[in-house]
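Worksheet for the structure shown next.
The values are calculated or read from the model by the stated rules, or taken from the named source; none is laboratory data. This structure is a prediction, so every number in the text was calculated from the model and none was measured. Heads up, the Cβs are rebuilt from the backbone with ideal geometry, glycines too, and the neighbour counts pull from every protein chain shown.
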Amino acid sequence: MGVGGESEPLLEALKNSVINGMSDESVKYVNDLVSKGVAAQTILDAMAKGVLHVGEQLSNKQAFLPELVITFDAFRKGLAIIEPALKAAPSQGKKLKVVLGTVEGDIHNIGKNLVKTMFEASSFEVYDVGVDVPPETFAKKAVEVDADLVGCSTLVSPGLISLRKTVERVRELRGDKTKIIIGGYATSPQLASELGIIYCKDAYDGVNKIRSVFKE
Ligand code: B12
């Protein structure tokens, strides 16, 4: 069944519950929408609008990390309900594939996990390779999944050695088929331009830059 006018207020309420991080409400609205026969993708789109809204507020310093964390929690709980239906539905066009991890020598994962949720909310297909990830693992995973992007989170300065090797190795195995994006305390726009890759100041910036590079 399509969206249908009568589901619009419910979709709007779902979006707002995600924005406000009211996960019990989000779960209830998702269940209501599912029982009305609304397509899983339509439900996902409503939640994604909420996630991106809070991501944008964080980027503009109108919201702070705790707000984003509860928003993500509501999103993840709602997503869990519709995930089987999303996987079963015929895919709508090609999704961008992103291999995402924190570089070798670095165990920080909060930023990476936020990026992952924001990317999933943006309908990118994310392959999370974890933390302390060797260059070879990033590159091999990019080959295995035919990745459009490799995303490297790098917060500690010693991680930059590994980041450079990752860039090199991904290029060796993937040429220009895979673009590389970076973020985190140890990275900078200057480093990205030196390496010919893309710097993202936060997850929201990442979504926008990816969309503009791939003209989605
Ligand atoms: C929390 C924290 C920790 C926690 C990590 C918990 C965890 N599970 O991640 C703990 C206490 C374990 C920790 C450990 C250490 N930490 Co620490 N840590 C921090 C702190 C305070 C916050 C990081 C964080 O989570 N921020 C919140 C998230 C949401 O922000 P974020 O990571 O920046 O991510 C956002 C953006 O940067 C961007 N982004 C990030 N990655 C990516 C990737 C892509 C692809 C994209 C698109 C975007 C993107 O999007 C994210 C969301 O919007 C930072 C300070 C700082 N300013 O970063 C220090 C900091 C990173 N830590 C630091 C250090 C030194 C360490 C230790 C080495 C300390 C020690 N001596 O043991 C160890 C690390 C050991 C190791 N080998 O990794 C230093 C690094 C300094 C440097 N230049 O090397 C910092 C900068 C603190 C400081 N000022 O000294 N740390």
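Considering each residue of segment 127-140 in turn, none proves to be in contact (Cβ under 8 Å) with a residue 40 or more places away in the chain and not assigned by TED's automatic domain parsing to the domain that holds THR42. At least 1 residues being within 27 Å of VAL145 (Cα to Cα) and β-branched (Val, Ile, Thr) is the threshold, and among the helices (runs of 4 or more DSSP H) wholly inside segment 1-108 those reaching it are 40-59, 65-88. In the set VAL98, VAL143, only one residue is crowded, with 20+ Cβ neighbours inside 10 Å and modelled with pLDDT of 95 or more; that residue is VAL98. In segment 170-194, which residues are in a loop (DSSP other than H, G, I, E, B) and in contact with a Pro (Cβ under 9 Å, 6 or more places away or on another chain)? Passing the criteria: only ALA186. In this structure, is GLU56 closer than 30 Å to LYS177 by Cα, more than 15 Å from the ligand (Cβ to nearest atom) and of a type outside the set (A, V, I, L, M)? No; evaluated as a whole, the condition is false for this residue.
Residues of segment 116-140 that are within 13 Å of the ligand (Cβ to nearest atom) and at pLDDT 95 or above: VAL126, TYR127, ASP128, VAL129, GLY130, VAL131, ASP132, VAL133, PHE138. For segment 33-83, give me each residue that is among the hydroxyl-bearing types (Ser, Thr, Tyr) and touching a residue at least 12 places away in the same chain (Cβ under 8 Å). Result: THR42, SER59, THR71.
Under the condition of being β-branched (Val, Ile, Thr) and surrounded by fewer than 23 Cβ atoms within 10 Å (Cβ to Cβ), which residue from segment 112-140 is farthest from the chain's Cα centre (by Cα)? Across segment 112-140, the extreme among qualifying residues is THR137. Considering (1) more than 12 Å from the ligand (Cβ to nearest atom); (2) at pLDDT below 95; (3) surrounded by 14 or more Cβ atoms within 10 Å (Cβ to Cβ), the lone condition that ASN208 does not fulfil carries the number (1).
Among the numbered conditions (1) buried (at least 17 other Cβ atoms within 10 Å of the Cβ); (2) under 20 Å from ILE19 (Cα atoms), tell me where VAL69 comes up short. With (1) buried (at least 17 other Cβ atoms within 10 Å of the Cβ); (2) under 20 Å from ILE19 (Cα atoms) applied to VAL69, the lone miss is (1). If you scan segment 67-103, which residues turn out to be more than 15 Å from the ligand (Cβ to nearest atom) and among the hydroxyl-bearing types (Ser, Thr, Tyr)? Across segment 67-103, the qualifying residue is only SER91.
Would you check which residues across segment 160-199 are without any contact (Cβ under 8 Å) to a residue 24 or more places away in the chain and either touching a Lys or Arg at 6+ places or on another chain (Cβ under 8 Å) or away from the ligand (no atom under 13 Å from the Cβ) (or both) and list them? Answer for segment 160-199, where residues must be without any contact (Cβ under 8 Å) to a residue 24 or more places away in the chain and either touching a Lys or Arg at 6+ places or on another chain (Cβ under 8 Å) or away from the ligand (no atom under 13 Å from the Cβ) (or both): ARG171, GLY175, ASP176, GLN190, SER193, GLU194, GLY196, ILE198.
Of the residues making up segment 103-122, at least one is hydroxyl-bearing (Ser, Thr, Tyr) and under 27 Å from GLN41 (Cβ atoms).
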